[in-house]
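No value in this document is a laboratory result; all are computed from the given coordinates. What you see is a predicted model, and the numbers here were worked out from it, not measured in a lab. So basically every Cβ, Gly included, is an ideal-geometry build from the backbone, and we count neighbours across all protein chains shown.
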Amino acid sequence: MSDAKPVRFETEGDVGVIVVDYPPVNALGPGVSEGIIEGIAKFNADPAIRAMVLIGAGRSFIAGADIRGFGTDRKRLPLGSRTYDAMDASAKPIVAAIHGFALGGGLENAMGCHYRIASRAAKVGLPEVLIGILPGGGGTQRLPRLVGPKVALDMIVSGRHVPADEAHALGIVDELVENDATLRAGAVAFARRAADAQAAGGTLPRVRDRQDKLREAKDDPGMFDAMRKSIARRARNQKAPYNCILAVEAACTLTFDEGMKREQELFEELVNSDEARALRYAFFAEREVARIPGLPKGTAIREVKTAAVVGAGTMGGGIAMSFADFGYPVRLMDATEEGLAKGMQRIRANYETSVKRGSLAADEMERRFARIQPAKDYTDIADADVVVEAVFEEMGVKKPVFAKLDEVMKPGALLLSNTSALDIDAIAAVTKRPQDVAGAHFFSPANVMKLLEVVRGARTAPDTLASVMQMGKRIGKLSVVAGNTDGFVANRSRAPFNSEMVILLEEGALPEQVDKVMVDFGYPMGPFAVGDLAGLDIGYAGRKRRAAANPNYRKLPIADRLVEMGRYGQKTGAGWYRYEKGDRTPHPDPEVARIIKEVSAEMGVAQRQFTDQEILRRLLFSSVNEACKIIEEGFAYRAVDVDVMWLHGFGFPRYRGGLLFWADGIGARAVYDQIASWHQQYGERWAPSKLLRDIAEAGGKLTDAKAPA
Ligand code: T1G
């Protein structure tokens, strides 16, 4: 931050303006709250001033407390001497003028003001629960007084951002102005009217004095238990959502000041919890991955305004939707007219499902669908700024496509492949412009999953890489760079997990036991149930290909046996589990237990019992080890790149931070010792990563792991 003061004071006639100017998002960093308090005192003491406006400079109002300050020894202002206490004590009206975001402590400051006005594009919210804490600046006490406890519970427990028009309808915002440009003038005029009303005998409307909306809790005292019940599954193993409910409950049962004290107690219980530290780590990790180490300063980004997708299958259609959903015109092409027609129908059906579910308005669906134009042949896509190839996962199919793209696409177009594992350098080699070629590995369903693995080929130019990263962000993805190794970073780090889970069965575990361990850990679904959903035949083909290429490949006979028996999973009514017709619920299948015993006996593997901890660590440590190998080989820049991929590619529970963050909670030494012991017991597949050993011996942290310079 520059050494300029983060808060400045201006006047517009008889209205004082307190401007928070602490880039990039006006977080409540050092000196910001103190500056606001100073401004309120200054303008209250100034007889020429009748009212005040609190406004943010730059792109936003106040985005909340400075999250970087949590977990450090930075002291917070004591209760009773905070900004909203100064606002409550102000003799003159204060109007919050909101543009961009008013989040967390930002909205809490706005609710400390007597009035709030916002520009239509603004969003407000109390997202603290998303970083494992709760609104600790009076938000749990003031919001229920503005909107009632029921809506307050929804906003605080979900952490969602509320658009300005909804905030206005709810009563959070008193007035809307058309756009940011008119916000300040509108706020000054509003402040004058407030001063006039006060001069005419009106009282200043302090949010803390409002009681009427709290009566809702008397009419529906069960709302708190109902909320606890409704979040039980997604909030399991977490404390913050439950403390949020308790704090709102306190607003309805205690006086305002007692409620504020209760809020502080509940906040202090959370702020240094494992859950909060993990969620803060995830928040910053998702921003760190955007930084490409060694990217030359001032690398020009190639703007993407139009897109094209080759291959109208499930992935291609989802990728086309990803562009259309964010306003980009996209041409969709396929090898056959029938394939193209089918692809367009599938896209239409996907959109209609979202409309039926209520997650997409019908008119918005039409706008998005209209952005996807079928392309008859390559000439129809030649002038696109980016083309994503999403044809069959075989080199023999991809190479001719890239040779053709090289021929027709305009100079400077980004030539991307959605391949999930094939060699990007081999694909680039069929073009005369390998510098423009990279991988853009979308995760299925492509229009839903946020992770975009951007694969850097040996000859991918820095500006190509940076442009693809930016393109990903612009279509709502979390772009993370991966090196060109077999399986890139996400799937390669996940591969040992996929083997280890089946090897555990050889030794006596059952699918339902393994799945329960992983669901209790926090995954939405167990890995065997996920396999049945995706289709066991897909993994089978990959294993056959790898076994053919590598005689030492560790085969998985139990998994192969199921597929050879036609048990592909949900699509065949049976896989690791059996399924009743029309029902996706996985049921443990004695037939599978029999097959496991049979194959294990054929393999001569002794059966034994497993603790939950051993199951969990056999799966996750195998991937921790592989992740360290990927980093030490230079195929991932840092630990955060792996952790973000695990959060957004594999559903790793966010409140545990990420795969390597979680392992640090156990300690690199303990992880290494366990892996070294399994190496003795099981052989080469558990050979420890050198980087892991070095970190363990140095007493370091896995989350500090970095690729060699
Ligand atoms: N503290 C510190 N840094 C922050 C920050 C924050 N609250 N919010 C954003 N940044 C940094 C971010 O790391 C990035 O840094 C840059 O700003 C741009 O962010 C007392 C206790 C506001 C919607 O949870 O949701 O208030 O990478 O890339 O996509 O009750 O940032 O450039 O170095 O995300 O336009 C509650 C968190 C805090 C809001 C903007 N507030 N921030 O999104 O930009 S707790 C939040 C966001 C609290 C009180 C409690 C988003 C955004 P760098 P960005 P964006």
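When only Cα pairs below 8 angstrom with a gap of at least 6 residues are kept, the chain shows a relative contact order of 9 percent.
Sorting S322, S420, S359 by the number of Cβ atoms found within 10 Å of their own Cβ, with the fewest placed first, yields S359, S420, S322.
Under a 5 Å amide H cut-off, with hydrogens placed 1.01 Å from N, V173 pairs with H168 among residues at least 5 apart or on other chains. The Cα atoms of the range 270-424 give a gyration tensor whose axes a ≥ b ≥ c have a/c of 1.5 or more with a/b no greater than b/c, which makes the shape oblate.
The C-alpha atoms of the chain define a longest principal axis, and helix 362-371 lies at about 50 degrees to it. So how tilted is helix 149-158 from the main axis of the chain? Cα-based, degrees 0 to 90, rounded to 10. Taking Cα atoms only, the helix is inclined about 40 degrees.
Figure legend: label point modelled 7 angstrom from the Cα of R584 along Cα→Cβ; residues of the range 358-396 with amide N under 17 Å from it are 358-359.
Sites counted here are GluC sites (Glu not before Pro) in a DSSP loop (not H, G, I, E or B) having no more than 11 other Cβ atoms within 10 Å; the longest part of the chain that contains none of them is 395-579. Length available on full extension from E175 to Y553: 0.36 nm per residue minus the Cα-Cα distance, which gives 129.4 nm. Annotation: extensible slack from K701 through A341 equals 124.4 nm (criterion: 0.36 nm per residue apart, minus Cα-Cα distance). Helix 462-474 and the longest principal axis of the C-alpha atoms of the chain enclose an angle of approximately 60°.
Could you check how many percent of all C-alpha pairs in the range 7-272 are farther apart than 25 Å? I get 40 percent for the Cα pairs in the range 7-272 exceeding 25 Å. Counting other Cβ atoms within 10 Å as a rough exposure proxy, the listed residues V468, V177 run V177, V468 from fewest neighbours to most.
Which value in nm describes the separation of the simple spin-label points at V448 and L77, placed 7 Å from the Cα toward the beta carbon? Distance between label points: 4.5 nm.
Taken over the range 1-109, the convex hull of the Cα atoms encloses 98 Å³ per residue.
Each Cα pair under 8 Å and six or more residues apart adds its sequence gap; the mean of these over the residue count of the range 7-272 is a relative contact order of 19 percent.
Based on DSSP H segments of at least four residues, each scored -39500 (n - 2.57), the chain has a per-residue ellipticity at 222 nm of -15000 deg cm²/dmol. Applying both filters, DSSP loop and at most 16 other Cβ atoms within 10 Å, to the chymotrypsin sites (Phe, Trp or Tyr not before Pro) of the range 520-623 gives Y553. Annotation for A197 and M565: the two label points, set 7 Å from Cα along the Cα-Cβ direction, are 7.3 nm apart. Kindly state, to the nearest 0.05, the FRET efficiency for T11 paired with Q470, given R0 = 45 Å and r defined as their beta-carbon distance. Using R0 = 45 Å, I get an efficiency of 0.65. Projected over every direction and averaged, the convex hull enclosing the alpha-carbon atoms of the chain yields 33.9 nm².
Taking all Cα pairs closer than 8 Å and separated by 6 or more residues, the relative contact order of the range 238-359 comes to 16 percent. The slack between A4 and A349, meaning 0.36 nm per residue of separation minus the straight C-alpha distance, is 118.8 nm. Ordering M449, M469 by the number of other Cβ atoms within 10 Å of each residue's own Cβ, fewest first, gives M449, M469.
Here each label is just a point 7 Å from Cα along the line to Cβ, and for A91 and I301 those points are 5.1 nm apart.
Just report the Cα centroid separation between the range 102-159 and the range 613-635, whole Å. Cα centroid to Cα centroid, the span is 40 Å. Scalar couplings 3J(HN,Hα) for the range 398-412, obtained by applying the Karplus form with A = 6.51, B = -1.76, C = 1.60 to θ = phi - 60°, are 6, 4, x, 4, 5, 4, 5, 4, 4, 6, 9, 5, 5, x, x Hz; x denotes Gly and Pro.
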